[in-house]
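**Student:** Before I ask anything, here is the structure I am working with.
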Amino acid sequence: MNSFSPNMLKTFETCQKKYYFKYVQNISVPQPVSFFEKGKKIHALANYYLKGADISNLLRELSFEEHQIWENLLNNEFFQKSYVNSEYNLSAKVGDFWIGGRLDALMKDSFVTSPLAGEDCFQSETRELKNRKQGEGVNYYILDYKTGSIPKNPEYDYQTMVYLICADRLLKDYGALKFVYIDLKNNKNCVIEFTPERRGEYTEKLAKICAEISQTQDFASSSDNCKFCEYVKFCF
Ligand code: SF4
């Protein structure tokens, strides 16, 4: 069975007909290159940087505006946390369905310990780990860089719900789990904390829309969203 990505769920909610063209008929309509260019560059740069690659050549290719955006990301408090993984594929099962996708980056609080008298660094870290297993856990942050706007309803955006549910299953023993939209244009963060209540609520919502998609045979049009739809030529 296929896995439902946040984009698939969002598309179905926006217009079922569009979902049909895009994900059932697999018709891809090229978008203007400039449309995604800035976002793609910053995402690629962030991924190489976090993986420890030499990015000096890529930096020379950035425009003035892109440089500013990159500086905003570099100085972001969440981007400065400890790296766990980036461009990371995650999936999880909700009800009878698989959901998943690729998140921009997963970070955690720095694991810095101060040795007590008589301890070396290794002993200090072992002590800290032992303490954490007794209840603290590590705090994790799912990062999503936005060069455009952040979602209007970020707590219930499919991206938020899918990645938090997937990371929750993967990480299990953690202190806190947060989704962070990094709004690079306005240099602001929108932080959503995962809670046991949200686990139940998100799982229910995701299972519901996945079931609805899988049961749909007649994909309805939604005329509210036609103005900027790339499938308009196929539709009417
Ligand atoms: S043109 Fe309108 S109805 Fe057709 S797929 Fe796009 S949004 Fe849906």
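**Student:** Using modelled amide H (1.01 Å from N, peptide plane; none on Pro or chain starts), what sits under 5 Å from the amide H of Asn85, excluding residues fewer than 5 places away?
**Tutor:** Placed amide hydrogens put Leu106 under 5 Å from Asn85.
**Student:** How big is the range 3-235 by Rg and Dmax over its Cα atoms, in Å?
**Tutor:** 20.4, 73
**Student:** What accessible area per residue, rounded to a whole number of Å², is obtained for the range 3-235 using a probe radius of 1.4 Å?
**Tutor:** Values: 13560 Å² over 233 residues.
Normalised by residue count, the accessible surface of the range 3-235 is 58 Å².
**Student:** Measure off 7 Å from each Cα along the Cα-to-Cβ vector at Ser110 and Phe219, then give the distance between these two points in nanometres to one decimal.
**Tutor:** Simple spin-label model gives 4.9 nm for this pair.
**Student:** How many percent of the accessible area of the range 3-235 is carbon or sulfur, using a 1.4 Å probe?
**Tutor:** Details: 6500 of 13560 Å².
Carbon-and-sulfur percentage of accessible area, whole number: 48.
**Student:** Ok, one more. Apply the Karplus parameterisation 6.51 cos²θ - 1.76 cosθ + 1.60, with θ equal to phi minus 60°, to every residue of the range 139-155 and state each ³J(HN,Hα) to the nearest whole Hz, in sequence, with x for glycine and proline.
**Tutor:** Values, residue by residue: 8, 10, 9, 8, 9, 9, 8, 10, 8, x, 9, 7, x, 5, 10, x, 4 Hz.
**Student:** Which whole-Hz couplings ³J(HN,Hα) result when phi for each residue of the range 44-56 is put into the Karplus expression 6.51 cos²θ - 1.76 cosθ + 1.60, θ = phi - 60°, listed in order with x for Gly and Pro?
**Tutor:** Calculated HN-Hα couplings, in order: 5, 4, 4, 5, 5, 4, 5, 7, x, 7, 7, 10, 4 Hz.
**Student:** In whole Hz and in residue order, list the ³J(HN,Hα) couplings for the range 70-83 that follow from phi through the Karplus curve 6.51 cos²θ - 1.76 cosθ + 1.60, θ = phi - 60°; x for Gly and Pro.
**Tutor:** 4, 4, 4, 5, 4, 8, 6, 4, 7, 5, 8, 6, 6, 6
The values are calculated or read from the model by the stated rules, or taken from the named source; none is laboratory data. Everything quoted here is computed from the prediction, not taken from an experiment. Cβ: placed from backbone, ideal geometry, glycine included. Neighbour counts: every protein chain shown. Accessible surface is based on the protein model in full, side chains and every heavy atom, while ligands, DNA and RNA are left aside. Shrake-Rupley method; radii C 1.70, N 1.55, O 1.52, S 1.80 Å.
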